[in-house]
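Beneath this line is the structure, given in C-alpha cells, with notes to follow.
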Amino acid sequence: MTIEKKEDILIESARIISEDGIENYSMQKLADELGVRKASLYHHYKSKDEILRAMHDYFHAMLMKKGYRMMLSDNLDDNLSDLVSHWQDLFFSEEMYDYLRCLLIMRQTDQRAYEEWRSISLTIEGQSQVVIERHAKSAQMISPLFSALLELSLERALINGESGTLEELSTSFPALLHRL
C-alpha cells in the first residue's frame, strides 16, 4: 500500500497520540497503522519530529479557518449558546477531535502543543469577553469565569468523549447572568 496524501500521515499521527499517548507514538507504529513500510514515511518526512511539526502546522491552519469566527446577535442567551455550540462543534468535528485530544495530552511536554492550546484558550477568552461585554455591565469579572468554565468543559468533554456539560453550561450560565 502507498500513502495517497501526506495529510494521511498527519491525521493518523494525531489519532495515534490521541488514543495511545505520545510515549507510544513511533514511526513503526505509524507505518503499521497506515499499512505501509517505515521507509514510505521517510519518503515524505525526514523524522518523527518533522512529522509532529507538520501535524501542528496542518491542524493549526484548520483551526485558523474554522475556530476563530464568531457572529453576534442582540440576544445574550443566543450569543452564549452559539459560542458554546461553535466550540463544541469544532472540538467534536471528525477533523479536529483527535488533534485536540493530542494537544491536551502533549501540552505539558511539547512547546508547540502548549502554544496551540494556549492560543485556543485565549481565543475562547476573547470571544467570551466580546459576547459578555456586549450584554453585561460587570463583564470584567464574568467573562473570565465563563471562558474558564467553557474551556474546562471542553477539556472534560475531550477526556470523556462526551459533551453533556457543554449543554449545561449554555443553558445555566445565561440564567446566572440575568440574575446579576
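The values are calculated or read from the model by the stated rules, or taken from the named source; none is laboratory data. All values reported here derive from a predicted model rather than from experimental measurement. Every residue, glycine among them, receives a Cβ derived from its backbone with ideal geometry; neighbour counts consider all protein chains shown. Surface accessibility is based on the protein's heavy atoms, side chains included, excluding ligands, DNA and RNA. Shrake-Rupley method; radii C 1.70, N 1.55, O 1.52, S 1.80 Å.
Looking only at residues in region 62-81 that are assigned to a helix (DSSP H, G or I) and within 17 Å of the chain's Cα centre (by Cα), the one that is surrounded by the most Cβ atoms within 10 Å (Cβ to Cβ) is Leu63. All of Ile51, Ile105 fail the test of being among the β-branched types (Val, Ile, Thr), part of a helix (DSSP H, G or I), at pLDDT 90 or above and touching a Phe, Trp or Tyr at 6+ places or on another chain (Cβ under 7 Å), apart from Ile51. Just one of the numbered conditions (1) over 28 Å from Phe173 (Cα atoms); (2) under 12 Å from the mean Cα position of the chain (by Cα); (3) outside any helix (DSSP H, G or I) is not true of His56: (3).
Residues that are crowded, with 18+ Cβ neighbours inside 10 Å and over 24 Å from Ser18 (Cβ atoms) within region 114-146 comprise Gln127, Ser128, Val131, Ile132, His135, Ala139, Ile142, Ser143, Phe146, listed in sequence order.
Among residues of region 1-44 being touching an Asp or Glu at 6+ places or on another chain (Cβ under 7 Å) and farther than 20 Å from Gln111 by Cα, the one that is surrounded by the fewest Cβ atoms within 10 Å (Cβ to Cβ) is Glu33.
The set of residues in region 86-113 being open to solvent by less than 60 Å² (accessible area, probe 1.4 Å) and over 11 Å from the mean Cα position of the chain (by Cα) consists of His86, Met106, Arg107, Asp110.
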